[in-house]
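The numbers here are math on the coordinates, done by the rules we state, and not lab data. The structure displayed is predicted, hence computed values, not measured ones. A quick note on method: Cβ atoms are made from the backbone with ideal geometry, for glycine too, and the neighbour counts reach across all protein chains shown.
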């Protein structure tokens, strides 16, 4: 097989190409606001670390001093492996004892808390989405001109979603704890309200981004806004709705672990106890259980979306 070799460019041609590259580089379009924003962020981050008195040397101190090495080699290491002559069966027995005594109960409580909250949030998000979609809150959607009277409804729905997601879950949980103490409802409602605001806005944006041609055909055939929503926009947006829902479910699992510190039986409840007792090895097991829930939620989300694409 003969290989055709291209002749090397002449030195003059290489110099000319280099000049063209330098000219294009010098006159390339630049986004000054973005560059200034990145510079301000870097400087602000450095000043924040300096103001808080952060010392990198303390982070990478020796094993005998508080720092990362000591945390990894002593605090995070299971206490059974610190004993001379330990075996893998001892480690497995220690792990099984954690799971059976409180690990599985904490994981199940976190899953129930996140599932109940996301069920309420998903339902509320579906109710808010049609009103948050600006394309469906005007007279004669996809056909007639927009009207201010109906567009105010979309602005109100979006403002409501903003107010709901602006409420910190932990603070909201504390407020609801005074009203519904002695139950898991403060944590459930706090998570549900926050995520409902997020899902309502995301679901509404998904309805706005659907392909307009099928919607115009339905509108031309006399379909009402409810028909456009049910038979035109929802089938197109449903796959994205699932992606958004399970993404928020993953986040809700992590938030549920934190809200467990309010006294709800979950990973956060036992994590707070392990932290107070400085049992960091058992605390790390709880962190892994929470990560496992997130991984399973992501796998379920991917499987459902693949089934929708295939079907």
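Sorting 245, 71 on the 10 Å Cβ count, fewest up front, what's the list? Mind dumping the intermediate values first?
Values: 245 22, 71 14.
The order, fewest Cβ neighbours first, is 71, 245.
If neighbour count is taken as other Cβ atoms inside 10 Å, put 93, 250 in order from fewest to most. It would help to have the intermediate numbers written out before the result.
Working: 93 11, 250 18.
Starting with the residue having the fewest Cβ neighbours, the order is 93, 250.
Mind sorting 19, 26, 272 by how few other Cβ atoms lie within 10 Å of their own Cβ, fewest first? Can you show the working numbers first?
Numbers: 19 10, 26 7, 272 17.
Final ranking by Cβ density, sparse to dense: 26, 19, 272.
Sticking with the crude label model, points 7 Å out along Cα→Cβ, report the distance from residue 230 to residue 166 in nm, one decimal please.
3.6
Rounded to the nearest 500, what is the 222 nm mean residue ellipticity of the chain from helices alone, with -39500 (n - 2.57) per DSSP H run of 4+ residues and division by all residues? Walk me through the numbers before you get to the answer.
Numbers: 13 runs with 214 residues, N = 311.
The helix-only estimate for the chain comes to -23000 deg cm²/dmol at 222 nm.
Compute a Gaussian network model of the chain, connecting alpha carbons closer than 10 Å, and tell me which residue from 224, 152, 28 fluctuates the most.
28
Would you work out the relative contact order for the chain, in percent, from Cα pairs under 8 angstrom that are 6 or more residues apart? Walk me through the numbers before you get to the answer.
Values: 319 pairs, mean separation 61.8, N = 311.
RCO, the chain: 20 percent.
Could you give me the percent of Cα pairs per 20 Å distance bin for the chain, shortest bin first, beginning at zero and ending with the bin that holds the maximum distance?
Over the chain, the share of Cα pairs per 20 Å bin runs 22, 39, 28, 10, 0 percent.
Please work out how much length the chain gains when fully extended from residue 32 to residue 47, using 0.36 nm per residue of separation minus the C-alpha to C-alpha distance, in nm with one decimal.
Extra length from residue 32 to residue 47 when fully extended: 3.2 nm.
So between residue 208 and residue 17, what do we pick up on full extension, going 0.36 nm a residue minus the alpha carbon distance? Don't jump to the answer; show the numbers that get you there.
Values: separation 191, 0.36 × 191 = 68.76 nm, distance 4.69 nm.
Extra length from residue 208 to residue 17 when fully extended: 64.1 nm.
So, in nm, how far is label residue 88 from label residue 74 when the simple model puts each one 7 Å beyond its Cα toward the Cβ?
Computed distance between label sites residue 88 and residue 74 equals 2.9 nm.
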